[in-house]
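None of the figures in this text is laboratory data; all of them are computed from the coordinates on show. Quick caveat, the model's predicted, so the values are computed rather than measured. Backbone-built Cβ (ideal geometry, glycine too); neighbour counts: all protein chains shown.
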């Protein structure tokens, strides 16, 4: 993932430098910057990056107009950055084809989480293997490998584990996991989720009664502790 | 309007009938002189008819004046509520109606200007705050730095996040108070709302000084509400508990309900609030009070809780603040579960 090329467009030079530094510290070596939409379009005329991070409020052509130009040429994944955060701005961004939206000011980890999530969705061909304390989960094949043993995941178990793996180390709520397992109308699915969690622990933990990887946050949800993330 | 002018206005139509009444009375006098008996017989019904006519006209005018005064009062109350008066300028008291309409229009324009000013300020603050928050976060996460430097960066990061939240609250309050933030009602799971609020809070404050215990037994399966506003309400209540107990405290987030309503309770075992502060928070006009800071511990009962009250108001709910026994603070918000309660406020 970190070998992907990211284009960042913002008219504030200090902000541009800060974002470039955030990506560099996270291992993204190929970060290209542009201080205006015109400069960005000139860069896009050459080799296309793998993703773009666009500021909305820029003098001259703004981020929305730049997004429209990008969409006219490609389906490049785009994250919009804005200092406004109005609901109508978010809707406009999504209607124009933005993949996600981040309101300034933001923490570096918030930016990195969104970028990684967008890249994971946009480039699923990247091999997705999650290494846990006692097992390895191959998300492409929906399999758990524990020593010599290979165990298949059910569709629902896969949905739950994939969602947890998207946010390693962070609590994912019961509702979000139910939604991953069974879709939008998940109310009433909570007790079935507990069954999926129990089965998952039996597959990925050395001792399901003392889990090291799939932990409970009581009353809130669950979190997945990974040794190494997705490749 | 003075009583004299009011009476003059009520009696004005009588002036139009004056010539007729004068003629009738002259005829009566003439008949009384010529034919005392006939005049006596004829005078009684004519006099009675005179009085009845005058009374009917007076009563009709008083009723019309009363209705017009009621409409004027309603228009004045709409202006006080931040809306236009929208009074008809071709009926009773046209000058007064036109003046109230102009006053309402100007009040609306002033409110809109205020909201735009707040929005502009909050927009201008965001970019410099982005740099402060971004670099503070990066320094805090930099393992190459000494622990003390990283801890100091953490303080800068936390205070920057607090500033971020203040700016967002200020922006949102100004829009809610000016009725420029329409509700976006959706069917929500209150238990899941509470879970996400707790998780967001724990991610912002990961050092475990404020553990949150959630209990959603008895929570309704679904309620109608504006998801982002309700999330903000719960987030502010959790942050309020942390802000007033910097040394740490336990926080409980309870969700329950009954027929047609849902209740969120955020309680802690911290310091609680002084009695006069509780009285201020529970006053009906608390959200209308200007943002103020307390003295003493330097903590504030201002913007965050004011936003909570505005969100509850927007959902036609009610909020109660109290101290817990033996110590601690409690905020209880009760919201109607149905769509009608919030849609009527759009």
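So here's what we get for this one:
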| item | result |
| --- | --- |
| Packing-based ranking, highest mean first, of A:134-144, A:64-74 given that Cβ atoms within 10 Å are counted | A:134-144, A:64-74 |
| Cα shape, the stretch B:217-267, gyration tensor, a/c 1.5 rule | oblate |
| Within 10 Å of each Cβ in A:135-147, the average number of Cβ atoms from other chains | 0 |
| Spatial separation of Cα centroids for the stretch B:80-116 and the stretch A:6-45, in angstrom | 50 Å |
| Cα long-axis angle, helix A:87-96 against chain A (0 to 90 degrees, to the nearest 10) | 90 degrees |
| Peptide A:216-222 - average C-beta neighbours from other chains (10 Å radius) | 5 |
| For B:189, B:130, order by how many other beta-carbon atoms lie within 10 Å, fewest first | B:189, B:130 |
| Fraction of beta bridges assigned by DSSP in chain A that are antiparallel (%, nearest 5) | 50 percent |
| Nearest 10 degrees, 0 to 90: helix A:190-204 Cα axis against chain A principal axis | 80 degrees |
| Principal-axis tilt of helix A:155-166 within chain A, Cα atoms, nearest 10 degrees | 50 degrees |
| Peptides B:233-241, B:60-68, A:151-159 ordered by average Cβ neighbours within 10 Å, highest first | B:233-241, A:151-159, B:60-68 |
| Per-residue Cβ neighbour rank within 10 angstrom, fewest leading, B:252, B:117 | B:117, B:252 |
| Cβ neighbours within 10 Å from other chains - mean over A:18-29 | 2 |
| Beta bridges per DSSP with both ends in the protein assembly as shown, % antiparallel, nearest 5 | 65 percent |
| Potential lengthening between residue A:148 and residue A:94 on full extension [0.36 nm per residue; Cα-Cα distance subtracted] | 14.9 nm |
| The stretch A:136-150 and the stretch A:181-197: distance between their alpha carbon centers, rounded to Å | 23 Å |
